[in-house]
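Comments concern the structure below.
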Amino acid sequence: MEEIVHLGIPFLTPDQWDVITPAYKDFELIRSEGPRFGDMFKCKLKSTKEVVAMKILTIPEDQKSNGIPYSILNHVSILKTLNHPNILKLHTVLRTDLDVEDVFLVFEYIDVSLKKFLATPFPIDVIKLGKPFLRQALSGLAYLHVQKIIHRNLKPNNILLSFQNHEISKLKLTDFGVAKSIEPPLSPYSINMGNPCYKAPELLLGFTNYSTAVDIWSMGCIFAEMIKLQPLFIGNDGPKILTEIFCLLGTPTEENWPGVASLCSFIQAFDPPIKPKDLAAEFPKLEPDGLDLLSRMLCLCPNSRISAVEALEHPYLRP
Amino acid sequence: SEPEFPYPCSRKDMETIKYYFDEETEFMAAPNFFDDYRNILIRRNAVSIIAKVTKKDVSDAYVPYLAMNYFDRFVSRYNIKYVEGRTDTEKVRLIAITCLTISAKMRIDSFSFDQFLSDLYRDMNLMINHQTIMRMELLILQVLSWKMKSVTALCFLNHYYPHFRQFRGFKRRSINEI
């Protein structure tokens, strides 16, 4: 569904063409996630020959009378406040004139996503890359979380990498389209965004007062995927994923997740509770410190899950 | 310690506060801007417009507050001479109302431009062209370089809650209401 192939020349309307062709050339579609999320393509800045990535956010027809909609205001405001080596940098915001129909985001260009990298047929020593990967990804996350921003849609597709001498030279988190900044009043948050395979159990159980811990869970799933070279959870809907999670990590109990039973009564139906599997047997290639960190990132209870700042100080990631 | 006012003590909380302190100035009016008496008059005018327009809709007190934050940042960074309108009063009114619509969009899901403009006409006999306000919106976004998630005094509340403890009888809720 989310194949990243070179898809040729992007389809642009005449108005879009007018905005970007004066300054940019050589358009090439690099990612298509459907009109709702905006296509991503690469192009060249005419003046400096710099290659950049561009994303078009189209204002939905029914929201045009409201000017720039909240979704775009939120998306761009968040991107504008971010400035970190592990977060894809937004260069410029362009827009169609007068009757604004599209907002164009111009980013730095990085070659491959983790998804594409993991799909390469060449044998690569991912275990060796695990530490530098996690260190960079978590430092980007720690930066976000300090600003009280939740990414909410971390997956291998949204982590961009570039390599030098078989080592990761750059790692950038991207796609803040459904990111959320935590601010009062804390109204219930949406639980519908993001790919279910990387969704934290509290989201799958329907909790609407979740926090930055959901991103740590996703990162744990991604780290596990790098080690296994296949996704950790593969179900195509919430209940299936939840079952897979419980089979691997056990069902939550009042001891390891206080309050879970009162919020989700069906948990008590698992009696006796499912016992967690031995992670060492599941990930035989991973060293003990790595296993310990993984288990802390995949902690069922969000309040006990390790934070990005703490994870960076974990023995596994110490230089 | 009382659970009502937990001390922010983790590393993460302290980093957050540090970030707010570093960023706050970027979300303030330019320094010395309000030394000028005329600018104070402009601001007073804007406050009264925003207060009047929000009076009947008090669901989220942060909306007018955020609007004033946008207003201060905009007028201290852009010469209002170039804003649409025949008189300064008209210009200030347009800026203030547009700031309010942006902050309302940031905070209220169901906010509708058309509804807002027709209420404005009904209650204050104020006719503002849809196109005009859309153009103004783009200008404001550009001048504030799309940074609409302001770091304001309210961001520091979590940090300062514990200090309210010495005034007995304060509840977190009542502080939030202020």
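For the listed peptides B:98-104, A:169-175, a ranking on the average number of other beta carbons within 10 Å per residue, highest first, reads B:98-104, A:169-175.
Karplus-based coupling profile of region B:79-84, in residue order and whole Hz: 6, 5, 3, 8, 7, 4, with θ = phi - 60° in 6.51 cos²θ - 1.76 cosθ + 1.60 and x standing for Gly or Pro.
The share of C-alpha pairs in the protein assembly as shown whose separation exceeds 40 Å stands at 29 percent.
Only helical runs count toward this figure. For chain A, summing -39,500 (n - 2.57) over DSSP H runs of n ≥ 4 and dividing by all residues gives -9000 deg cm²/dmol at 222 nm.
For chain A, the longest principal axis of the alpha carbon atoms and the long axis of helix A:70-81 meet at an angle near 80°. Under the simplified labelling scheme, the A:H84-A:I234 pair shows an inter-label distance of 3.2 nm, with each label point 7 Å from Cα along Cα→Cβ. Treating r as the C-beta distance of A:A119 and B:D114 and R0 as 56 Å, the FRET efficiency rounds to 0.75. From the P(r) of region A:2-108, can you give the percent of Cα pairs sitting at distances over 17 Å? Roughly 55 percent, once rounded to a whole number. Using R0 = 41 Å, the C-beta based FRET efficiency linking A:T58 and B:I80 works out to 0.80. P(r) tail, region A:197-272: Cα-Cα pairs separated by more than 20 Å, 30% of all pairs. The calculated FRET efficiency for A:K49 paired with A:H166, based on their beta-carbon distance and R0 = 25 Å, is about 0.35. Principal axis extents of the Cα atoms in region A:241-319, from largest to smallest and rounded to whole angstrom, are 44, 27, 20. If you wrap the Cα atoms of region A:174-319 in a convex hull and average its projected area over all directions, you get 9.7 nm². Full extension of the chain between B:T89 and B:E15 yields a length gain of 22.4 nm, computed as 0.36 nm times the residue separation minus the alpha carbon distance. A simple spin-label model places the labels of B:D123 and A:T208 2.7 nm from each other, with each point 7 Å out along Cα-to-Cβ. Dipole magnitude for the protein assembly as shown: computed about the Cα centre from +1 point charges on Lys and Arg Cβ and -1 point charges on Asp and Glu Cβ, it is near 900 debye.
Put in line by how crowded their Cβ is, counting other Cβ atoms within 10 Å and starting with the fewest, A:L134, A:L82 read A:L82, A:L134. For A:K49, a cut-off of 12 angstrom between C-alpha atoms picks up these aspartates and glutamates, skipping any fewer than 8 places away in its own chain: A:D26.
Rounded to the nearest 10 degrees, the inclination of helix A:213-228 to the longest alpha-carbon principal axis of chain A is 80 degrees. Projecting the alpha carbon convex hull of region B:42-112 along each direction and taking the average yields 4.6 nm². With the simple spin-label model, which puts each label point 7 Å out from Cα in the Cβ direction, the B:H130 to A:M193 separation comes to 2.8 nm.
The numbers here are math on the coordinates, done by the rules we state, and not lab data. For clarity, every value in this text was computed on a predicted model and none was experimentally measured. Using ideal geometry, Cβ is built from the backbone for each residue, glycine included, and neighbour counts are taken over all protein chains shown.
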